[in-house]
1. What full-extension length gain, to one decimal in nm, is calculated for ALA205 and ARG79 as 0.36 nm per residue of separation minus the Cα-Cα distance?
2. Calculate, in nm to one decimal, what ASP35 and LEU154 gain on full extension: separation in residues at 0.36 nm each, minus their alpha carbon distance.
3. Expressed as a whole number of Å, what is the distance separating the alpha-carbon centroids of the stretch 1-21 and the stretch 215-245?
4. So for the chain, considering every pair of alpha-carbon atoms, how many percent are separated by more than 35 Å?
5. What number do you get for the stretch 1-128 when its Cα radius of gyration is normalised by 2.2 N^0.38 Å, N = residues?
6. Using the Karplus curve 6.51 cos²θ - 1.76 cosθ + 1.60 with θ = phi - 60°, what ³J(HN,Hα) values do you get for each residue of the stretch 219-226, in whole Hz, with x for Gly and Pro?
7. What Kirkwood Rh does the stretch 40-108 have if only Cα atoms enter the pairwise 1/r average? Answer in Å.
8. Three principal axis extents, largest first, for the C-alpha atoms of the stretch 70-114, in Å?
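Computed from the coordinates by the stated procedures, all read-outs in this text should not be read as laboratory data. Small disclaimer: the values here were computed from a predicted structure and weren't measured. As a convention, Cβ positions derive from the backbone with ideal geometry for all residues, glycine included, and neighbour counts pool all protein chains shown.
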Amino acid sequence: MSPQDLKSVLQTGLLSFPLTDFDRELRFAPKPYADRLEWLQPYGASALFAAGGTGEFFSLAPAEYSEVIQVALDTCRGRTPIIAGAGGGTTLAIQYAQEAERLGAQGILLLPHYLTEGSQAGLIAHVEAVCKSVQFGVIVYNRGACRLTPASLLVLADRCPNLIGFKDGVGDIEKFVAIRQTLGDRFAYLGGLPTAEVFAGAYKAMGCPVYSSAVFNFIPKTAMEFYNAHAAGDTATCDRLVRDFFLPYIALRNEGEGYAVSIVKAGATLVGHSAGPVRPPLSDLLPAEVNRLGQLISKLGAQ
């Protein structure tokens, strides 16, 4: 898939980050992971981010990363494009990007480099180095320590033809509008705030109609119902789901540090598609919290 083909894929449809399956000893579990991807296939996500943030990229060893991406590609080949997560310092991010390309992924989501802040010049150098190390499409995730300005993105757009996507996880409306107006249609724009459904309407108004859904991992039917209503301008359905499910879900998610991933794994277990525990430093939901999540899911009906 060429970078421009990937850009086209990213401009419509629901995107998602599949969970990464671990066993009780916190080892990667390839068969359950493949089964998870097969279960999700019929619901029709337009692309999947394997080993992304919800897939606990940050906890995977390099050899495990290769295995996760390979299983995703083998399972979804010819049906759903696989975009691999890649991140860390520049040298390591290049290694992940090149490994994803070698395995046959359709592109990468360049995750933040994590600990240290960087100047705009440093961030430009980092993203440019990763883009130039591969030929397939790159989406930059604007979040955490990687917060690019419109001017920086203009430089990168000029230097890196395969940088085709901008995913925003910051939620700075003024900055996003400035980026969208400055770069125009040069990038595919993706909403990337946690529980993106709550922000979907605002992002659509800013020229970003596509987002990635974490809840697709355990309530795929509802996730697609919301996206289809969002795409069709059915605000009544969107408002109902935000009010009855997403807002109480977010309130529960916010009760623990790092619960954005943990709550999704708990949801998958509740609907009979467990991905096992999260790896430290994340922690699983407490039993009472799991019960409350189960009550929310049960109100949605069959998923």
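1. Gain in length upon complete extension: 42.3 nm.
2. Net length gain for the segment: 38.7 nm.
3. Distance between centres, Cα-based: 19 Å.
4. The share of Cα pairs beyond 35 Å in the chain comes to 13 percent.
5. Compactness ratio reported: 1.05.
6. Per-residue couplings from phi come out as 10, x, 5, 5, 4, 6, 4, 5 Hz.
7. One decimal place: 12.0 Å for the Kirkwood radius.
8. Projected onto its principal axes, the Cα set of the stretch 70-114 covers 32, 16, 14 Å.
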